[in-house]
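Scroll down for the structure; my scribbles are underneath it.
The values are calculated or read from the model by the stated rules, or taken from the named source; none is laboratory data. Owing to the predicted nature of the structure, the values given are computational and were not obtained by experimental measurement. Note that we place each Cβ from the backbone using ideal geometry, even for glycine, and neighbour counts take in every protein chain shown. Accessible surface is based on the protein model in full, side chains and every heavy atom, while ligands, DNA and RNA are left aside. Shrake-Rupley method; radii C 1.70, N 1.55, O 1.52, S 1.80 Å.
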Amino acid sequence: YAIWLEAGFSALREEYDARSSLAGADVTVSDRDGTPRASGRVRGVDEEGRLLLLGEDGPHAIVAGEVTLRTPSHG
């Protein structure tokens, strides 16, 4: 917390990414109403703490939302 207060999230970014259980996962991010807003593979977080996704429609930087793991489709 002291590091974050002094230097901001960017000082913790590398450690955060190293511990993230979402790294490389395929996810869907929905808004508070449950409407899907973005889907893609998690690429980490940026210097401001936004979740970075690479989707079929390009990159996304997500500020807030509910993240759900996507299961691979079979068939």
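What number, rounded to the nearest 500 deg cm²/dmol, is the helix-based mean residue ellipticity at 222 nm of the chain, given -39500 (n - 2.57) per DSSP H run of at least four residues and division by all its residues?
Helix-only estimate at 222 nm: -4000 deg cm²/dmol.
Run the numbers for ARG19 and THR35: contour at 0.36 nm per residue of separation, minus the present Cα-Cα distance, in nm.
Between ARG19 and THR35, full extension yields 3.0 nm more.
Here are labelled values, (i) 90; (ii) 82; (iii) 99, and one is the computed volume of the Cα convex hull per residue in Å³ for what I pasted. Which one?
Here volume of the Cα convex hull per residue in Å³ agrees with entry (iii).
Could you tell me the accessible area of SER10 in Å² (1.4 Å probe, neighbours in place), rounded to the nearest ten?
Solvent-accessible area, nearest 10 Å²: 70 Å².
Using the heavy atoms of the protein chains alone and a 1.4 angstrom probe, what is the accessible area of the chain per residue in square angstrom?
Per residue, the chain has 76 Å² of solvent-accessible surface.
Could you tell me which residue out of LEU51, ILE62, VAL27 lies farthest along the dipole of the chain toward its positive end? Charges go on the beta carbon: Lys and Arg +1, Asp and Glu -1, centred on the Cα centre.
Checking the options against the dipole of the chain, the answer is VAL27.
If DNA, RNA and ligands are ignored and the probe is 1.4 Å, what is the ranking of ASP31, ASP46 by accessible area, most exposed first?
Most to least solvent-accessible, the answer reads ASP31, ASP46.
Using a 1.4 Å probe, how large is the accessible area of ASP33, given in Å² and rounded to the nearest 10?
Answer for ASP33: close to 130 Å² accessible.
How large, in percent, is the carbon and sulfur part of the accessible surface of the chain at a probe radius of 1.4 Å?
In the chain, the share of accessible area belonging to carbon and sulfur is 49 percent.
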